[in-house]
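Let me begin by presenting the structure, written as structure tokens, before commenting on it.
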Amino acid sequence: MGAVSPTMHYPSPPFHRLLLHASNFSSCRHTHFRPRLPQNPKSMHLHRPKATSAALQISEMDDLAHPSNPRPLRRADWNSKELLRKYSGMLQTCASRGSLNDGMAVHAHIIKSGVHPDSHLWISLVNVYSKCSSTWLARRVFDEMPDRDVVSWNALMAGFVGEGNGDEGVLLFCKMWMEGIQPNGFVFATGLKACSMCLALSFGQQVHGEVIKFGLFSDIFVGSALVDLYAKCGEMELAERVFRYMPERNVVSWNALLNGYVRICDEEEVIELFNRMVDPGMRLNKFTLSSVVNSCASLGNVRQGQAVHSLLIKVGSELDEFLRSSLVDMYSKCGLAEDAYKVFARIEDPDVVSWSAMISCFEQQGRSSQAAELFREMGRLCVKPNQFTLASLVSAATDIGDQQYGDNIHGYIMKLGFETDNAVGNALITMYMDFRNVQDGCRVFDAMEDRDSVSWNALISGFHSGSGCEEGFRIFNRMLVERFKPNKYTYISILRSCTTLHEASYGAQVHAHLIKNGLQKDSFVGTALIDMYAKCGCLNNARVAFDRLDEKDVFTWTVIITRYSQTDLGEQALKCFCQMQREGVKANEFTFASCLGACSSIAALESGRQFHSLVIKAGQSGDEFVASSLADMYGKCGCIKDAEEVFYELVKRDEVAWNTMICGYSQHGLGEKALKAFECMLEEGVRPDEVTFIGVLSACSHVGLVEEGRRYFNSLSEVYGISPTIEHQACMVDILGRAGKLDEVKQFIEGMTQAPGALVWQTILGACRMHRNVEFAERAAEKLFELVPHMDSTYILLSNIYASVGRWDDVVKVRAMMSSHGVKKEPGCSWIDIDGHVHVFLPQDGSHPKAHDIYLKLEELSSQLTSVGYVPNTDHVLHNVADSEKKESLLYHSERLALAYGLISTKHEWFLLLWELLVIILWRSSNHFTRRDADHLAYFNCFAAPWNILESVLLVSSQVLTGD
């Protein structure tokens with residue numbers, strides 16, 4: 001810079017004039033604007049206007065220098081140290097009060113007086129401009145300083161840092177270093193703060209090295225600044241190390257480290273650090289305390305939140321409205337609405353933030369009516385809502401389900417001009433979509449100026465079901481065209497639309513998008529993808545998507561297990577459950593219900609009993625959904641008594657539980673019990689639904705109660721307002737058909753409001769087979785050939801009807817027609833579970849490893865049965881062959897093979913369970929067994945002698961082929 005003159009270098013003329021103008025302004029403020037004084041000089045001080053201490057001192061100095069003063073100020077007085085200290089004190093007062101005008105006036109007075117400032121006065125001038133947020137003036141004064149020491153550099157740096165200009169602070173630190181000024185602890189602290197403001201991590205680390213060289217690491221201010229630097233730059237490990245090695249820590253260092261963990265959303269570490277504080281009463285600032293409270297809210301740690309609340313009360317910070325709003329939010333997210341309201345009620349004058357927090361709390365806790373009432377109270381107190389209040393209120397209106405109230409809120413939002421706000425607009429779209437008011441939802445969407453992904457997701461959510469699902473596809477395509485990036489919630493919504501429409505091809509395209517965006521392994525998206533493929537019948541694709549998931553939660557496992565169960569793949573469902581247990585995932589009530597459904601579909605009674613034990617162990621036996629599934633499993637496995645025990649242990653029985661028992665009684669041929677259960681259901685005030693009447697009508701069919709069935713069918717629409725479905729009509733046809741009233745069946749189907757479906761014609765064909773009505777059977781078969789041409793049972797039943805009346809030529813024609821259409825009969829099979837292994841048998845099957853022993857056992861049983869007079873009934877073997885061949889086909893039927901294998905594989909005290917495509921036989925040592933065909937389960941009591949039991953079982957097995 002060259003030689004520096006010992007006298008003061010005055011600033012450039014514009015700066016000089018500015019300071020003189022400030023001096024004149026200060027003088028005018030104390031003369032020209034003074035009110036007229038009274039004549040009594042003693043009272044003059046009573047009417048003099050108040051001024052700041054600095055301005056009063058300037059006025060006094062003006063009076064001393066005035067020409068009318070009898071003793072003018074001597075030159076020596078102006079150069080005295082006392083005057084310099086007085087100027088410095090005045091400048092410090094201006095700096096502490098942030099009074100820029102007074103500081104400029106003092107500066108101007110110094111210039112006019114011609115005083116020679118010392119280093120302290122120079123620093124005071126730089127400091128006053130820095131503290132008053134006028135760093136450009138501070139820089140001008142700093143540039144005029146003849147000698148700049150470390151204090152002056154720090155004062156200027158602190159000014160720029162205080163204004164948030166970290167880059168300039170770092171630059172000044174570098175210039176000071178280049179001029180050879182040795183920094184002290186305050187300069188290092190200020191420089192590090194500048195680095196943290198502009199995230200200059202690399203330079204900050206260099207400064208850290210210099211701090212260590214200068215031996216200033218133990219300085220508490222420097223250490224706190226280092227912690228703050230590393231925390232703000234996301235280097236929490238370094239921040240923690242600096243913090244750990246600090247010999248002394250203050251509130252600044254604690255706040256810095258806490259805020260660092262808050263910034264990276266590490267709520268657990270925030271709470272742990274808060275608990276590590278040596279002095280629990282340390283005066284943390286309200287923003288840090290709010291961060292701790294918010295961390296408790298995010299983790300749902302109500303106990304820790306209550307501890308923080310207690311600390312706030314202890315240190316007297318609970319009265320702060322900002323903290324109380326955080327406490328309201330914390331209690332809300334922890335599910336304690338009452339505690340949240342207690343905190344809210346203690347706020348003397350709650351602002352809109354507190355009101356919004358409380359309204360949001362009630363809305364999120366499902367107390368929407370209270371949220372609406374609180375909003376009305378807010379209006380009565382004339383507190384104007386903001387966009388967050390209105391968004392919560394719209395969500396509350398959605399939960400209430402009152403569309404008129406929602407429309408009123410929408411009108412109020414338009415009046416306040418918040419309709420285009422994102423949060424409010426998104427809530428409105430969601431509300432209208434939930435109300436199925438798609439048009440208004442689309443209008444709100446179109447009116448929004450700045451849409452985000454939430455807006456698009458809310459719009460797509462209105463097209464998950466119904467005929468509008470295809471519109472969801474168009475919206476999704478439009479979203480992609482407008483270059484909005486879908487998030488996982490977008491994909492979940494569009495996959496739900498694919499599921500509703502069974503659009504596996506479009507779903508596969510969405511799957512490709514997921515892979516492209518790296519979301520295919522997300523558990524929520526993966527669950528939606530698995531559900532879509534499974535419901536569209538693509539179980540292989542569903543399994544592939546399932547296996548590719550990195551993390552599978554209980555919901556993902558439940559989806560795949562449920563889909564296997566619902567598609568008659570019960571064994572796969574049970575295998576999935578076993579794998580789920582091996583991976584340590586705990587089942588919930590829906591998992592158990594799906595697994596019990598799988599046991600029902602394959603009549604796996606032993607597995608069902610094991611699941612019953614798991615249900616009891618998991619404490620889920622009281623769940624209505626699980627209990628209904630248990631009762632259904634026992635009923636479908638032939639254990640109606642066990643089903644009754646589960647049912648009667650229920651504290652509360654809903655329509656699902658009653659339906660399970662009614663249908664179970666009906667399937668077991670216990671029609672009277674089914675009808676009695678129906679009456680008990682009505683007595684308990686449970687309203688029947690469509691499924692209830694299917695069970696009731698089936699019971700009437702099995703018992704042969706034609707008139708009762710007719711009465712129940714008519715009560716569907718007349719009493720309960722239920723429109724009869726095709727299943728109800730098929731049940732009515734079955735009632736009439738089993739009773740042989742085929743003429744009434746014809747009248748019934750002619751009077752149906754809708755065309756009879758395949759189920760009705762199948763029922764008619766079964767009745768015609770029972771009563772050998774060939775003409776009506778041919779008519780039913782023709783309808784079935786039109787509706788479901790590839791159903792093998794139609795051909796088989798018609799062929800059997802022809803065979804039962806000896807029309808073998810027609811049997812050949814039907815078989816030929818079946819072959820020409822490419823229809824193949826699925827071979828019947830039976831299977832038996834021995835020691836956890838399932839063994840499957842086909843008719844005359846010789847593939848089993850123990851086939852030789854099985855056939856020997858059957859021949860032994862046959863000879864013993866023949867010796868006691870047993871003669872096989874071959875009347876219902878509908879094949880045009882010799883009697884000897886008919887007897888052989890009965891002897892080596894799949895059920896007899898399975899039964900024989902059971903006999904050679906089990907001990908005397910055994911439980912034998914046979915499965916067949918249409919038949920289940922249970923045989924216990926108590927000499928009791930059950931037969932279930934496709935329609936119902938019928939009980940048979942046998943003689944005590946084992947061979948008589950076996951004879952009865954084999955007799956039933958021999959009649960299975962005919963369906964008796």
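The values are calculated or read from the model by the stated rules, or taken from the named source; none is laboratory data. Nothing here was measured: the structure is a model prediction, and the numbers come from that model. Methodologically, a virtual Cβ is constructed for each residue, glycine included, from the backbone with ideal geometry; neighbour enumeration extends over all protein chains shown. Side chains are part of the model used for accessible areas, which takes the heavy atoms of the whole protein and leaves out ligands, DNA and RNA. Shrake-Rupley method; radii C 1.70, N 1.55, O 1.52, S 1.80 Å.
Data table
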{"read-out": "Residue in segment 578-594 that is buried (at least 22 other Cβ atoms within 10 Å of the Cβ), among the charged types (D, E, K, R), assigned to a helix (DSSP H, G or I) and in contact with a helix residue (DSSP H, G or I) (Cβ under 8 Å, 6 or more places away or on another chain) present", "value": "no"}
{"read-out": "Residues located in segment 225-238, provided they are within 21 Å of residue 174 (Cβ to Cβ) and open to solvent by 50 Å² or more (accessible area, probe 1.4 Å)", "value": "232"}
{"read-out": "Which numbered condition residue 804 fails, given (1) within 26 Å of residue 841 (Cα to Cα); (2) among the hydroxyl-bearing types (Ser, Thr, Tyr); (3) surrounded by 15 or more Cβ atoms within 10 Å (Cβ to Cβ)", "value": "(1)"}
{"read-out": "Test for residue 133: is it touching a helix residue (DSSP H, G or I) at 6+ places or on another chain (Cβ under 8 Å), open to solvent by 20 Å² or more (accessible area, probe 1.4 Å) and farther than 30 Å from residue 234 by Cβ", "value": "no"}
{"read-out": "Output for segment 133-158, where each listed residue is part of a helix (DSSP H, G or I), in contact with a Phe, Trp or Tyr (Cβ under 7 Å, 6 or more places away or on another chain) and not charged (D, E, K, R)", "value": "135, 137, 138, 141, 152, 154, 156, 157"}
{"read-out": "Pick from segment 480-502, criterion more than 23 Å from the chain's Cα centre (by Cα) and not charged (D, E, K, R), ranking: nearest to residue 534 (Cα to Cα)", "value": "502"}
{"read-out": "When residues of segment 411-439 are limited to those that are of a type outside the set (A, V, I, L, M, F, W, C) and free of Cβ contacts under 8 Å to residues at least 24 places away in the same chain, the one surrounded by the most Cβ atoms within 10 Å (Cβ to Cβ)", "value": "412"}
{"read-out": "Residue tally, condition assigned to a helix (DSSP H, G or I) and closer than 22 Å to residue 161 by Cβ, over segment 77-103", "value": "8"}
{"read-out": "Every residue from segment 786-801 that is farther than 17 Å from residue 827 by Cβ and either basic (Lys, Arg) or open to solvent by less than 50 Å² (accessible area, probe 1.4 Å) (or both)", "value": "788, 794, 798, 801"}
{"read-out": "Residue identified as surrounded by 16 or more Cβ atoms within 10 Å (Cβ to Cβ) and either touching a residue at least 40 places away in the same chain (Cβ under 8 Å) or under 28 Å from residue 307 (Cβ atoms) (or both) among 270, 222, 211, 251", "value": "270"}
{"read-out": "Filtered residues of segment 104-117 (kept if within 21 Å of residue 158 (Cβ to Cβ) and either open to solvent by 10 Å² or more (accessible area, probe 1.4 Å) or outside any helix (DSSP H, G or I) (or both))", "value": "104, 117"}
{"read-out": "Of residues in segment 718-739 being open to solvent by less than 40 Å² (accessible area, probe 1.4 Å) and either touching a strand residue (DSSP E or B) at 6+ places or on another chain (Cβ under 6 Å) or among the small types (Gly, Ala, Ser) (or both), the one farthest from residue 767 (Cα to Cα)", "value": "730"}
{"read-out": "Where residue 361 falls short, out of the listed (1) open to solvent by less than 20 Å² (accessible area, probe 1.4 Å); (2) touching a Ser or Thr at 6+ places or on another chain (Cβ under 8 Å); (3) closer than 30 Å to residue 438 by Cβ", "value": "(3)"}
{"read-out": "Candidates 444, 481, filtered to the one that is open to solvent by 60 Å² or more (accessible area, probe 1.4 Å) and either among the hydrophobic types (A, V, I, L, M, F, W, C) or touching a Leu at 6+ places or on another chain (Cβ under 8 Å) (or both)", "value": "481"}
{"read-out": "Residues being of a type in the set (S, T, N, Q) and surrounded by fewer than 21 Cβ atoms within 10 Å (Cβ to Cβ) - total across segment 305-330", "value": "3"}
{"read-out": "Inter-residue pairs, beta-carbon under 7 Å, first without any contact (Cβ under 8 Å) to a residue 12 or more places away in the chain and in segment 787-814, second in a helix (DSSP H, G or I) and crowded, with 18+ Cβ neighbours inside 10 Å, 6+ apart", "value": "810/802"}
{"read-out": "Candidate set: segment 601-629, residues that are part of a loop (DSSP other than H, G, I, E, B) and open to solvent by less than 50 Å² (accessible area, probe 1.4 Å); chosen: the one nearest to residue 587 (Cα to Cα)", "value": "618"}
{"read-out": "Any hit, segment 331-343, residues being exposed (fewer than 15 other Cβ atoms within 10 Å of the Cβ) and more than 26 Å from residue 431 (Cβ to Cβ)", "value": "yes"}
{"read-out": "Residue check for residue 822: more than 28 Å from residue 703 (Cβ to Cβ) and open to solvent by 40 Å² or more (accessible area, probe 1.4 Å)", "value": "yes"}
{"read-out": "Odd one out for residue 564 among (1) farther than 30 Å from residue 525 by Cβ; (2) touching a helix residue (DSSP H, G or I) at 6+ places or on another chain (Cβ under 7 Å); (3) part of a helix (DSSP H, G or I)", "value": "(1)"}
{"read-out": "Restricting segment 654-708 to residues that are open to solvent by 30 Å² or more (accessible area, probe 1.4 Å) and either among the β-branched types (Val, Ile, Thr) or touching a Phe, Trp or Tyr at 6+ places or on another chain (Cβ under 6 Å) (or both), the residue that is modelled with the lowest pLDDT", "value": "703"}
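Residue-by-condition table, conditions (1) under 31 Å from the mean Cα position of the chain (by Cα); (2) within 21 Å of residue 553 (Cα to Cα); (3) modelled with pLDDT under 90; (4) acidic (Asp, Glu):
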position: 583; (1), (2), (3), (4): yes, yes, no, yes
position: 586; (1), (2), (3), (4): yes, yes, no, no
position: 591; (1), (2), (3), (4): yes, yes, no, no
position: 638; (1), (2), (3), (4): no, no, yes, no
position: 652; (1), (2), (3), (4): yes, no, yes, no
